[in-house]
Each structure stands twice: as C-alpha cells, then as structure tokens.
Amino acid sequence: MRNKKEEKRLVVIAGLVFAFLNALMLYVHFDDFTRGGLVGAWSLYNNKLLLSGYDPYAYMTIYKWDVFYVLSRHPLISLFYYPFYGLNKGIMELTDNFNAAILIMTVLIMIAACYSVVFMYRVFREVLVLSKKDSNLLVAMMFSFATILTSSMSPDHFIFSLFLLTFTLYSAGMHIRNHTPYKWYKAAILFVLTAGVTLTNGFKTLLAVWFVDGKRTFHWKNVLLVLVVPASLLYGAYYYQHENYVIPREEKGRKIEAEKIKKNPELAEKSKQVKAFQKKINGEHFADKGMLKWSDLSAPRGQAAIENFFGESIILHQEWLLKDIYLGRPSVVHYKWWINYVLEGLIICLFLAGLVVGIRDKFMLMVLSWISVETGLHFVLGFGLNEVYIMGCHWLFIIPIAISFLFQRFNEKNKASKIVRLLVGILTSYMAVYNIVLITKYMLTL
C-alpha cells in the first residue's frame, strides 16, 4: 500500500511541471494583469487571457469582487473567492495598487493541481490496488492530457472541479471498497462544495453517494439532509447574488449601452453584429430561457467527438493552437499529422477495452455514471460542444481508470501485460512532450 514518501516524490515532480506552466502564464501576463487602481475588471482582463477559451473571471473576482460567473452553473464560486478578494484588497492598499490577483490564483491553482495528483494516485493505489509503478504511470498519463495541463495553468474553475472530483472519487472509492456508508454531513458538505463550483459536479456527488449507500440514499433523513437542505442553501446563495449583484449590474450595463448608442447610433449596428456572431457560434437552442439557452442543436456531434471531445482534450491541434472560438477559432479543427489520429484511436481502444474488462466493478460503474452526465450534457443537449475540450477536467479521469482494469487483468509478468504497459508509457511520453512543447511555444509567442 502507498506511503507518504511515494506521494512526496510524485508531488515534487508534478509540482515542477505545474510551476513551469504557471511561470509561463506569469511571464506573459504579469505586467498587464498586476495593474490596479481605477481600471475596471472588464477593461483589465476581458478578452486578454488568450488561452483556448478559458475565462479570467477568477482574476476579475479577486481584483474587484462581483458575480461574474453564470450563477445557474456556478452558484458558490464567487463567494469562495471573497476572502482572497479581501487579501488582494489589503495588498493593493499597502503597495500603491499592486494587483496580486494573478499571484494569488497561481498559488491556488498549484495547490489544487498538486492535490488532484495526490487523490488520483490514491485512487489507483488504494481503491484499485495497483502497484506503485502502475499507479505512477496512470497518473502521468492523465496529467499529460492537453486539457489537464492547460487547466493547471489557467485561472478558470476547471482545476478546482478536478480537485473536488478526484477527492470525491477517492472518498467514494474507499467507502465502496470498505463497504462503509457515508455519514450524512460529509455527503452534504461534499454536495455543496462540488455543486457550488459546478452544478453538474453536484449530480456526480449524489451518484457517488447512491453507489456507496444504496437504498439508504432514499431514506427520508438522507433525502432531507443530503439533498433538500443543501440544495436550498445553494438556491438561497444563487437568489441573493442574483438579486443583489447580477440584476443591478445588468441594469447599469443596459443604461450605459443606451447612453452610448444615443451619442453614437452606429454602435447599435455593431452591437447587433456582435450578438449575431455570438448566436452563430452558440448555435440553435432548445429554448432561449433557463439552462436550455446553453444547449446547441446544430453542432456536428461526430466531428466534435473526434476533434474536440477526445481530440483537443487529449492532444492539442497545431492549427489554431490554443485559440478561442469567440476570437476566430473554428469550432472544428483537424490535425496536421495523421499520427495524432492513430494515437487518439489507440487511447480510445484502450479505454473501451478497459470498460469491457471492468464493467462489472461497482467503482467503474460509478465513474461510468458520471460520464453519462457529461455525454448527455454535451452530446444530447449540445452544451459547450463547440469548446468542450476545455471541460476535460470533468471526465478525462475515466480513461486511466478504465485502463487500470486492463492492468489488473494482465499479470505484470505476461506478454500482454508488457505490451499494454509499454503502449501506455509511449502514449504518455508522446502526449507530455508534444503538449508541453506546443503550450510553451504558444505562450512565448504572445
């Protein structure tokens, strides 16, 4: 079984990689993003974080606190950042408006990324009971995926989702392995935290609780204390922020826009053109209200699966490298090198083979239920399908977990085992070098 020395060595190596990636971010944006004072958050950050469509809302929130995130999807994340806004405000008061938001976020990102490594290692080592060598290999594979690497340097919410989801995987996995139920308050806290960062992650937590507790999940006490009360708290937080921050800001924005148009009527036509462009990118919706306004009926599912969901999430495209669809990148980009399609196909084959081998395992079924949430969201509703590659932190862990069942099936000494492990090692080495080189090249040319 694992020991602390195993984890320390792994975290040191992973931490060096994350430090390098975040150093690139600081190198590119330090001078511009550390300005403070009278400059507004939108003016300072909007459309200036040029990294694959990731949003700078965390920087904006820590700089000048407001509710920039879409509350229906991220009901608590703005509140999570409030203490760090207070810290940054104190730093600006003491340093003549030096805005440390980018530095504060760098520390938070590094912590979340490193702990995600630890929790994934524990999943492989303790829940799936793999050897130290196999566990290290599969952790390395996961953190060589393109989206995991870019999320580990961007100030968006995805790395925090990964941190919470990997913790939930480890927690639920140990409960399943030891045949122990969740204590209601632990399940409730986990639901609030995961749903507070990203609402769909809360559904995954509830699925995890169901797989752990079985029929006990539907006892009135658990329904009340794990679901109803936490959901009510989340809605209360949503309502308070929406009424007190979102509505006033939107009304103020409309008044400012109306005044500008009154002074310059040509701005009305430009505004229509921008909205038409955004509508074209976002596609045709099931409905224009509520959560369904984020759906997309028109996005090509097949191409999106090959090039975005499994493609860009795992191996970066050289064309339109790390560009944003709202700043010109096409919704579907093809690889220049045919070898990348071959490698993507090999990864998918390993993934599917692992699913077949592990399909009867309770933990594997739980993870598969999580992915059904993601596939339903993206491929049935079409939510975010045009840039689904930046959302890989919500599901990519299923690939190495599925492959772990191949490792379990094949004894380390037989020929099939050596072939599978060698193939995983080659794929991991290629993805790590290829993706990090492209990320570095891109960042140094900004």
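The values are calculated or read from the model by the stated rules, or taken from the named source; none is laboratory data. Please read these numbers as outputs of a predicted model, since none were measured by experiment. In this analysis, Cβ positions are derived from the backbone assuming ideal geometry, glycine residues included, and neighbour counts consider all displayed protein chains. In case anyone asks, the SASA skips ligands and DNA or RNA and just uses the protein heavy atoms, side chains included. Shrake-Rupley method; radii C 1.70, N 1.55, O 1.52, S 1.80 Å.
Worth pointing out:
- Residue within the range 27-42 that is closer than 26 Å to residue 385 by Cα and more than 20 Å from the chain's Cα centre (by Cα) present: yes
- For residue 373: the one exception among (1) in a helix (DSSP H, G or I); (2) open to solvent by less than 10 Å² (accessible area, probe 1.4 Å); (3) in contact with a Ser or Thr (Cβ under 7 Å, 6 or more places away or on another chain); (4) not polar (S, T, N, Q): (2)
- Check on residue 433, in a helix (DSSP H, G or I), over 18 Å from residue 350 (Cβ atoms) and out of contact with any Cys (no Cβ under 8 Å at 6 or more places or on another chain): yes
- All told, residue 85 meets the bar of being open to solvent by 10 Å² or more (accessible area, probe 1.4 Å), more than 25 Å from residue 17 (Cα to Cα) and of a type in the set (Phe, Trp, Tyr).
- Taking the listed residues 430, 442, the one that is touching a residue at least 60 places away in the same chain (Cβ under 8 Å) and touching a helix residue (DSSP H, G or I) at 6+ places or on another chain (Cβ under 8 Å) is 430, with no other qualifying.
- With respect to the conditions (1) within 26 Å of the chain's Cα centre (by Cα); (2) modelled with pLDDT under 70, residue 296 lacks only one, and its number is (2).
- Residue within the range 403-410 that is open to solvent by less than 10 Å² (accessible area, probe 1.4 Å) and either outside any helix (DSSP H, G or I) or within 30 Å of residue 27 (Cα to Cα) (or both) present: no
- Subset of the range 46-70 (residues that are part of a loop (DSSP other than H, G, I, E, B), on the phi < 0 side of the Ramachandran plot, in contact (Cβ under 8 Å) with a residue 60 or more places away in the chain and not acidic (Asp, Glu)): 49, 50, 51, 54, 56, 67, 69
- Filtered residue count, the range 189-205, keeping only those that are touching a Pro at 6+ places or on another chain (Cβ under 9 Å), open to solvent by less than 30 Å² (accessible area, probe 1.4 Å) and closer than 15 Å to residue 371 by Cα: 1
- Conditions (1) within 16 Å of residue 203 (Cα to Cα); (2) touching a helix residue (DSSP H, G or I) at 6+ places or on another chain (Cβ under 7 Å): number failed by residue 375: (2)
- Within the set 165, 169, the sole residue that is within 14 Å of the chain's Cα centre (by Cα) and assigned to a helix (DSSP H, G or I) turns out to be 165.
- Search result, residues across the range 352-364 that are more than 14 Å from residue 403 (Cα to Cα) and part of a helix (DSSP H, G or I): 362
- Of the criteria (1) open to solvent by 20 Å² or more (accessible area, probe 1.4 Å); (2) outside any helix (DSSP H, G or I), which one residue 182 fails: (1)
- In the range 96-121, the qualifying residues are those that are at pLDDT 95 or above and assigned to a loop (DSSP other than H, G, I, E, B), and the one that is farthest from residue 15 (Cα to Cα) is 98.
- On the stretch given as the range 128-137, residues that are in a helix (DSSP H, G or I) and open to solvent by 20 Å² or more (accessible area, probe 1.4 Å) total 4.
- Per-region count, the range 18-45, residues in contact (Cβ under 8 Å) with a residue 12 or more places away in the chain, among the hydrophobic types (A, V, I, L, M, F, W, C) and open to solvent by less than 50 Å² (accessible area, probe 1.4 Å): 10
- Qualifying residue in the range 91-106 (condition: touching a Phe, Trp or Tyr at 6+ places or on another chain (Cβ under 6 Å), of a type in the set (Ser, Thr, Tyr) and open to solvent by 10 Å² or more (accessible area, probe 1.4 Å)): no
- Considering the conditions (1) over 19 Å from the mean Cα position of the chain (by Cα); (2) buried (at least 19 other Cβ atoms within 10 Å of the Cβ); (3) in a loop (DSSP other than H, G, I, E, B); (4) among the aromatic types (Phe, Trp, Tyr), residue 124 is excluded by exactly one of them, (3).
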